[in-house]
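Before any comments, here is the structure.
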Amino acid sequence: MDEILKYFPTLSDLQRSQFEALQALYIDLNSKVNVISRKDIDNLYVNHVLHSLVIAKFITPVRDTAMIDLGCGGGFPGIPLAIIWPGCRFHLIDRIGKKVNVARTVAEAIGLENCTFQHGDSGECRQKFDYVVSRAVMSLPDLIRASQHLVGSKQRNKLHNGLICLKGGELRDEIAATRRDVLDVPLSDYYSEPYFETKHLLYTPL
């Protein structure tokens with residue numbers, strides 16, 4: 001939790017309590033449904049929560065901005081972003097129902113009222129959003145193809161509607177394969193922890 005406060009020191013009391021509750025919730029739920037690597041659960045705040053929150057370093061959305069977390073797994077990055085941006089709306093979707101149930105259970109337990117959930121494929125979602133957010137789900141070209149129909153045309157924010165995803169490793173081939181303008185931001189621009197040295201945020205307008 002200290003790592004969250006290091007980079008987000010102005011959290012409200014409610015936001016602090018919501019973030020603090022995540023550790024016990026995920027440890028309990030992960031013992032029943034493996035949504036986080038067993039060896040990684042002790043690093044929840046850096047490797048999952050803080051990682052997700054880098055999107056909040058990259059953009060500051062206006063109120064009522066709508067985002068879909070594509071391939072949400074147990075709720076990352078959607079749940080940390082829903083905590084940090086209570087005035088925005090989030091729709092979390094995943095093909096694996098038990099993972100969606102974990103995310104829903106966490107959101108309900110901490111009192112998040114700005115999240116909806118869907119068990120299914122992105123092609124089954126008929127809503128429109130300002131941004132698609134995603135974390136380590138599929139290759140960038142595949143992710144763009146899965147996201148295009150989800151992005152609406154109305155522009156609410158300074159940053160053009162599009163895809164914001166979190167990835168690691170060598171990404172040059174993936175980026176080149178999109179044949180699109182892709183902004184590649186190293187997470188070491190925002191965070192000093194060693195975990196983030198090989199992590200990137202990729203943004204492409206859609």
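For residue 48, the test of being part of a helix (DSSP H, G or I), free of Cβ contacts under 8 Å to residues at least 60 places away in the same chain and in contact with an Asp or Glu (Cβ under 8 Å, 6 or more places away or on another chain) is passed. Of the residues 35, 49, which single one is surrounded by 20 or more Cβ atoms within 10 Å (Cβ to Cβ) and under 13 Å from residue 110 (Cβ atoms)? None of the others qualify; the one that does is 49. For segment 98-117, filtered to residues that are touching a Leu at 6+ places or on another chain (Cβ under 7 Å) and not β-branched (Val, Ile, Thr), the residue that is nearest to residue 36 (Cα to Cα) is 103.
Only one of the numbered conditions (1) exposed (fewer than 13 other Cβ atoms within 10 Å of the Cβ); (2) among the acidic types (Asp, Glu); (3) in contact with a strand residue (DSSP E or B) (Cβ under 8 Å, 6 or more places away or on another chain) is not met by residue 113, and that is (3).
Does residue 94 satisfy the condition of being within 12 Å of the chain's Cα centre (by Cα) and either closer than 23 Å to residue 152 by Cα or buried (at least 18 other Cβ atoms within 10 Å of the Cβ) (or both)? When the stated conditions are applied, residue 94 does not pass them. Please determine whether any residue of segment 116-139 is in a helix (DSSP H, G or I), surrounded by 23 or more Cβ atoms within 10 Å (Cβ to Cβ), at pLDDT 95 or above and not acidic (Asp, Glu). Scanning segment 116-139 turns up no residue that is in a helix (DSSP H, G or I), surrounded by 23 or more Cβ atoms within 10 Å (Cβ to Cβ), at pLDDT 95 or above and not acidic (Asp, Glu). Within segment 6-22, the set of residues being within 17 Å of residue 193 (Cβ to Cβ) and either polar (S, T, N, Q) or surrounded by 13 or more Cβ atoms within 10 Å (Cβ to Cβ) (or both) comprises 7, 8, 19. Considering only residues in segment 168-206 that are part of a helix (DSSP H, G or I) and aliphatic (A, V, I, L, M), the one that is nearest to residue 40 (Cα to Cα) turns out to be 187. Considered as a group, the residues in segment 140-167 that are basic (Lys, Arg) and part of a loop (DSSP other than H, G, I, E, B) include one that is nearest to residue 196 (Cα to Cα), and that residue is 158.
The values are calculated or read from the model by the stated rules, or taken from the named source; none is laboratory data. In this text the structure is predicted, and so the values were computed from the model without any measurement. Here the Cβ is made from the backbone with ideal geometry for all residues, glycine too, and neighbour counts use every protein chain on show.
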